[in-house]
Amino acid sequence: MIPITRPWVGEEEAAAAAEVVRSGWLSQGPRVQAFEVELARYVGARCAVATSNCTTALHLALLAAGVRPGDEVICPSFSFIATANAIVHAGATPVFVDIDPATYTVDPGQLEAAITARTAALMPVDQIGLAADMAAIREIAERHGLPIVEDAAPALGATVGEARVGSLASFTCFSFHPRKSITTGEGGVITTDNTEAADRLRRLRSHAASTSDLARHRSGSIELETYEELGFNCRMTDMQAAVGLVQLQKLEQILGERRRLAERYRAAFAGEARLETPAEPADRRHTYQSYCVRLRGGRPRARIMTELAGKGIATRRGVMAIHLEPYYRQQTPDLCLPETERAAAETLLLPLYVGMTGDEQDAVVAALRTALR
């Protein structure tokens, strides 16, 4: 079977995790702190706060942005369901808007049109590794005095102009799930330039304790923590962070190989009228978490996926339309987002990962061309 993805991990990651196990400090500690420093340096942000996953990162970032029960947060429906779930976890209501059909990221014009007196934050999504139109979104946010909580789950290493994603929003949240650019197994991080908010985020992720286990350990004196607000358990372990530190050193190599494979797909499908390959605006660098194609030939996607599976090739639907999922459909039964709904029905993710061979990629291309016919 040619998988949809495969994390690029090896003996270096295993050795890093084993070193932590031998150290006796397994939970959030010095490795997490080091990982945060290196991650913030890479994206160009003042602070990074590691969490248990990207969903908890989004939830905590919304709280730090001032989102409260009864508020509204505007986001695209074309995303993984965690985007909306994090808003609900924060006690707010997701307001779904449509996407730009070329990039699959939120349409800034529709985002602005949805702003009301109840809007507390904007949540653009960097879809499949391509940054949203952050220049337009930042201008809208500044004009309306709203924070941006950027769902950049698959976009570590993506750029807008000369700036890296992670340095462009009030808060940016990344994922380290095995399908992302780099992995810690599970894990997430929030980047921000707001040092006061970062301090609060570090408390919130650890039950809102006034001081961390590591700080108490290093103090050399008795220090009793206090709990001034309701917190959560969203900590990353030092084992995960140790793996992340190794992975971060490989990130540019990973992104380069993903780009090479994406360009190879693009060349192979050139002139194929029944298929549309991913767009990449001139001012943005795609991370190609997956290779998302759009089916234009009229054959049902399910049949194409079944035929490829029969040849040992894994695929996935592109991205869901959250507002059509049963939980959210009950709340917005009449909402229609045409571009989102068309993209959700017509997009397909193809295998792409470091270590994918030319023969494997050629097999995917040949099988898809046959299925399209």
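Throughout, read-outs are computed from the coordinates displayed, never taken from laboratory work. In this text, all values refer to a predicted model and were calculated from it rather than measured experimentally. In this analysis, Cβ positions are derived from the backbone assuming ideal geometry, glycine residues included, and neighbour counts consider all displayed protein chains.
Ranking request for peptides 195-201, 293-299, 59-65: highest mean number of other beta-carbon atoms within 10 Å first, then the rest in descending order.
In descending order of packing, they fall as 59-65, 195-201, 293-299.
How much length is gained if the chain between residue 233 and residue 342 is pulled fully straight, taking 0.36 nm per residue apart and subtracting their Cα-Cα distance, in nm to one decimal?
35.4 nm
Nearest-5 percent of antiparallel DSSP beta bridges in segment 1-135?
10
Could you rank the peptides 132-143, 90-101 by their average count of other C-beta atoms within 10 Å per residue, with the highest value first?
90-101, 132-143
Compute the label zone of residue 259 within segment 339-373: residues whose backbone N is under 12 Å from the point 7 Å along Cα-to-Cβ.
Backbone N within reach: none found.
Taking the 0 to 90 degree range and rounding to the nearest ten, how far is the long axis of helix 195-204 tilted relative to the main principal axis of the chain, both from C-alpha atoms?
90
Where does the chain land on Rg(C-alpha)/(2.2 N^0.38 Å)?
1.00
Highest GNM mean-square fluctuation, the chain, Cα pairs closer than 10 Å: which of 333, 30, 108?
333
Pick out which of 263, 112, 186 has the largest mean-square fluctuation in a Gaussian network model of the chain, springs linking Cα atoms closer than 10 Å.
So, out of 263, 112, 186, the one fluctuating most is 263.
Taking H as built 1.01 Å from N, whose amide H comes closer than 5 Å to the amide H of residue 165, not counting residues under 5 places away?
It is 157, 158, 159, 160, by chain and number.
Are there trypsin sites (Lys or Arg not before Pro) in segment 1-85 that DSSP puts in a loop and that have at most 13 other Cβ atoms within 10 Å, and which ones? Walk me through the numbers on the way to the answer.
Values: sites: 22, 31, 41, 46; in loops: 46.
Loop-located and lightly packed - 46.
To test your reading of the geometry: what angle, between 0 and 90 degrees and rounded to tens, separates the Cα axis of helix 358-372 from the longest principal axis of the chain?
Once rounded, one gets 60 degrees.
For the chain, with a Gaussian network of springs between Cα atoms less than 10 Å apart, report the residue from 237, 226, 191 with the top mean-square fluctuation.
Between 237, 226, 191, it is 226 that shows the largest mean-square fluctuation.
Kindly work out what percent of the DSSP beta bridges joining two residues of the chain are antiparallel, to the nearest 5. Walk me through the numbers on the way to the answer.
Details: 25 of 39 bridges.
Restricted to the chain, the bridges split so that about 65 percent are antiparallel.
For segment 44-76 and segment 264-305, write down the distance between their C-alpha centroids in whole Å.
Distance between centres, Cα-based: 31 Å.
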